[in-house]
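These notes concern the structure reproduced below.
The values are calculated or read from the model by the stated rules, or taken from the named source; none is laboratory data. Just so it is clear, the structure is predicted and the values come from calculations on it, not from any experiment. All Cβ positions, even for glycine, are placed from backbone atoms using ideal geometry, and neighbour counts span all protein chains on display.
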């Protein structure tokens, strides 16, 4: 859901394994709430969770659940996303820094 001032995105993810755990399907989720500052600039919060195998979710303390504060902006034709986050459960990383750079080919 988006309007001129806010962006709210919910992204449920089914992650299929092809390695030693072939055939397993994990459930992950991502949620984003961001404020549009104009001119392709956003600030907001993002939540990411890995709940584990579908039908056999991990106990809460083993799940990876993380909350990020971040910003998105453009530098010429490059999309830049920067954020810092922390884990909400013992199974999460305590402190995380993320940087994503993107380019849309014409």
- [ ] Please tell me if residue 91 is surrounded by 16 or more Cβ atoms within 10 Å (Cβ to Cβ), assigned to a loop (DSSP other than H, G, I, E, B), over 14 Å from the mean Cα position of the chain (by Cα) and in contact (Cβ under 8 Å) with a residue 24 or more places away in the chain.
- [x] yes
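Which members of the stretch 49-71 meet the condition of being part of a strand (DSSP E or B) and free of Cβ contacts under 8 Å to residues at least 24 places away in the same chain? Talk me through it step by step, then tell me what you get.
First, the residues of the stretch 49-71 that are part of a strand (DSSP E or B): 49-53, 56-57, 64-71.
Result: 49, 56, 67.
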Open item on the list: Could you check the stretch 19-40 and list, in sequence order, the residues that are in contact (Cβ under 8 Å) with a residue 24 or more places away in the chain, surrounded by 13 or more Cβ atoms within 10 Å (Cβ to Cβ) and over 16 Å from residue 1 (Cβ atoms)?
Closed with: 24, 26, 27
Open item on the list: Which of the numbered conditions does residue 99 fail, given that it passes all the others? Conditions: (1) touching a strand residue (DSSP E or B) at 6+ places or on another chain (Cβ under 7 Å); (2) modelled with pLDDT under 95.
Closed with: (2)
